[in-house]
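A short write-up of the structure that comes next.
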Amino acid sequence: MKLIWKFNLVLLGIFVLGFLVAGYVSWKALQANAREEVLQNARLMMEAALASRNYTTTQVKPLLETQLKYRFVPQSVPAYAATEQFGELRRKHPDYVYKEATLNPSNPRNRATDWETDVVNVFRQTSTTMEMIGERDTPTGRALYLASPIQVKSKACLDCHSTVDAAPKTMVDLYGSANGFGWKMDEVIGAQIVSVPMTVPIARAVTTFRTFMASLAVVFLAIFVLLNLMLYTMVIRRVTRLAGMADEVSLGNLDAGEFKTRSRDEIGTLSAAMDRMKTSLVQAMKMLDT
Amino acid sequence: MSMLQCWALVLASLFPALAGAADIGVASLVEGNPRVLRGATWYKLVPWARLEDGDILSVGERGHVLAEFAGGTALSVVGAGSLYLEPRAAKGADAGGPLAVTVPEGWLKLAARTPGFRVRLASAEVTSTEGILVVHAQGPALELFVESGSARLAALLPNGNAGPPQDAKHGEHWSTAEAGRFVAVARAPKAFVDTIPRRFLDPLPSLAAKDKPAPALVADGDVTYAEAEPWLGGRDGAAFEKRFAVRLRDPAFRRAVEPRIARYRSWDRMLHPEKYLPKPAAPQQGAQ
């Protein structure tokens, strides 16, 4: 097998192996980064929801206390405020979802769906679980969800949700007396669930991966071509010439030409040595003739 | 009584007003073009104008006035309506006693602090010492919502006196059912909430602490007979006859009064003293 074939075979093996390893590692890293990005978005949304709830409780509700004596103002409810805020967000980003999924809500729009009920029940069964992260398929693609429990920690919650009699009459007028009552202190009544689409970050990761792999392939190809060119011009062609001249000299053609080249690299040194060897051989032959 | 004596009486009746009544409150928030009737002259009501005993506030359709009084008592009138700050001293009442207002009609929100207030309506009288109330008076129809605290509600009897009072508690809505009777429900009905002025759903602001200097009021004409007539025909008619007597110098006012002069005995006496001259003794028959 020719040297160039051996060389190319090894080079190709290294390139393929490097390509596969780099592809695997970068794919995993990009996917992890995409998921982490989605998770960070989800956490940010959750924090924004909590901030909205807190703002409503501490600043908005006190301003509406008087109005609550006349009619129930849902804007005074932290869950309503957080949900409405994300409703505005969804006008531009419809795939982002925030829900205060509740098993027994006053407002029917907060009622937990099947999979949300499962999440809430996990929180209800294991009081130490404070966060759940998962993925699920949605009509618009895969989505990551982040959930945290909603627990009755304040008596203020029970002012509206303990019994119908204790609840503000204006609230009962609005939501009726069938739902949203019977909550107990420290009970997990629902979960805040943020759902963030993974499609876009994943697609971005795939694009980045493809770009990276294509760039890597181009670089490998350029290196491959360049190395082959260099190998041919700097090694193979010169060695072939030396071999041809040595072959001529060995057959007695002492006028086959000069081995010597101007190059001072290893092949140049070899050429100079072979040139000296040829000179010695010519002189030895002349001495034998005399 | 001669014509001269009558006019001297009119001038004498004006003296307390000319001497300058004491400030009892301040109009700390004024919107629209409300006016205040002081004596027999209308003035444009402007923010931080001082209010005096006997002032009548008139608020237009899009108007709003917040009046704040000593001790934290405040009242707000929104939309078309009028309100009369009864002169307590003139009635011999304790100047430190409850604020007394007459509201023929309109929407009114009151925040009462001790010594509270007494609101006279066409068909009832409402009193409260600690409470926040919303009152809607429309002729004999009355709606009262006790936002906080408590109030006492008494129907006005045909003789003008207040009937037995009823306690209105926090959160209750009272309305007139038929003469002298009220209906109370435990919450504000939707129809009431739907019609209540939007700003009454919020607490009355407290601005008087800013204590801005009193602006000079600009006169906006004299009271006409049409404007005076409801007050002349009210419970304090005699007092208003005395108060508006100065307007009898205006021929237009006199012309408007003349067809109904029989209602106003003191004015009749001024305008037609000849009717009240001592009748000459009838010649005795046979006294030859």
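If the cut-off is a Cα-Cα distance under 24 Å, which lysines reach B:Lys109, setting aside same-chain residues fewer than 8 apart in sequence?
Cross-link targets: A:Lys61, A:Lys69, A:Lys169, B:Lys44, B:Lys169, B:Lys190, B:Lys210, B:Lys212.
Given the protein assembly as shown, what percent of its DSSP beta bridges are antiparallel, to the nearest 5?
Of the beta bridges lying entirely in the protein assembly as shown, close to 95 percent run antiparallel.
Report the charge-dipole magnitude of region A:93-172 in Debye, nearest 20, computed about the Cα centre from +1 at each Lys and Arg Cβ and -1 at each Asp and Glu Cβ.
Using only the charged Cβ atoms, the result is roughly 260 debye.
From the residues A:Leu89, A:Thr211, A:Phe181, which one has its Cα farthest along the dipole of chain A in the positive direction, the dipole being from +1 and -1 charges on Cβ of Lys/Arg and Asp/Glu about the Cα centre?
Result: A:Thr211.
Using the alpha-carbon atoms, what tilt in degrees (0 to 90, nearest 10) does helix A:199-230 show relative to the longest principal axis of chain A?
Tilt of helix A:199-230: around 10 degrees.
Given H placed 1.01 Å from N in the peptide plane, which residues other than close sequence neighbours of A:Gln192 have an amide H under 5 Å from its amide H?
Amide H to amide H, under 5 Å and 5 or more residues apart or across chains, A:Gln192 pairs with A:Ser148, A:Ile150.
Mind running the shape call on region B:39-128? Use the C-alpha gyration tensor, a ≥ b ≥ c as the square roots of the eigenvalues: rounded below 1.5 for a/c, prolate if a/b tops b/c, oblate otherwise.
Because its axes are fairly even, with a/c under 1.5, region B:39-128 counts as rounded.
Considering every residue in B:193-200, what mean count of other chain Cβ atoms within 10 Å of its Cβ is obtained?
2
Please name which of A:Leu3, B:Phe145, A:Leu64 has its Cα lying farthest along the dipole of the protein assembly as shown towards the positive end, using unit charges on Cβ (Lys, Arg +1; Asp, Glu -1) and the Cα centre as origin.
Sorting the options by dipole projection puts first A:Leu3.
Quick one: what are the phi-derived ³J(HN,Hα) couplings along region B:192-201, Karplus 6.51/-1.76/1.60 with θ = phi - 60°, whole Hz, x for glycine and proline?
Going residue by residue, I get 5, 5, 5, 9, 5, x, 3, 6, 6, 6 Hz, with x marking Gly and Pro.
By a straight-distance test (C-alpha under 18 Å), which lysines pair with A:Lys286 as possible cross-link partners, with residues fewer than eight away in the same chain excluded?
List returned: A:Lys278.
What fraction of the DSSP beta bridges in chain A is antiparallel, stated in percent and rounded to the nearest 5?
95 percent
What list of ³J(HN,Hα) couplings, whole Hz, do you get for region A:244-255 from phi and the Karplus terms 6.51, -1.76, 1.60, once you set θ to phi - 60° and write x for glycine and proline?
Result, ordered by residue: x, 5, 4, 5, 4, 4, 5, 8, x, 8, 7, 9 Hz.
How big is the gap, in Å, between the Cα center of region B:139-218 and the Cα center of region B:227-248?
Result: 26 Å between the Cα centres.
Check cross-link reach from B:Lys275 to the aspartates and glutamates: straight Cα distance under 20 Å, and skip same-chain residues fewer than eight apart.
B:Glu241, B:Glu258
Which of the three applies to region B:177-225, rounded, prolate or oblate, going by the alpha-carbon gyration tensor with a ≥ b ≥ c and a/c under 1.5 meaning rounded?
It is oblate, given that a/c is not under 1.5 and a/b is not larger than b/c.
Explain nothing, just the number: dipole magnitude of chain A about its Cα centre with +1 on each Lys and Arg Cβ and -1 on each Asp and Glu Cβ, in debye rounded to the nearest 20.
Result for chain A is approximately 480 debye, rounded to the nearest 20.
What net charge do the residues around A:Asp173 carry, taking every other residue with its C-beta under 10 Å from that of A:Asp173, with Lys and Arg at +1 and Asp and Glu at -1?
Combined, the nearby Lys, Arg, Asp and Glu give +4.
From the helices alone, meaning DSSP H stretches of at least four residues, give me the mean residue ellipticity at 222 nm for chain B, per-run term -39500 (n - 2.57), in deg cm²/dmol to the nearest 500.
About -5000 deg cm²/dmol.
Might you report the magnitude of the Cβ-based charge dipole of the protein assembly as shown about its Cα centre, with Lys and Arg at +1 and Asp and Glu at -1, to the nearest 20 debye?
Around 640 debye, computed over the protein assembly as shown.
Once Lys and Arg get +1 and Asp and Glu get -1 on their Cβ, which of B:Leu66, A:Asn54, A:Leu221 lies farthest toward the positive end of the dipole of the protein assembly as shown?
So the residue we want is A:Leu221.
Readers should treat all values here as calculations from the given coordinates under stated rules, not as data from a laboratory. Keep in mind that this is a model prediction, so the values were computed, not measured. Cβ atoms come from the backbone with ideal geometry, glycine included; neighbour counts cover every protein chain shown.
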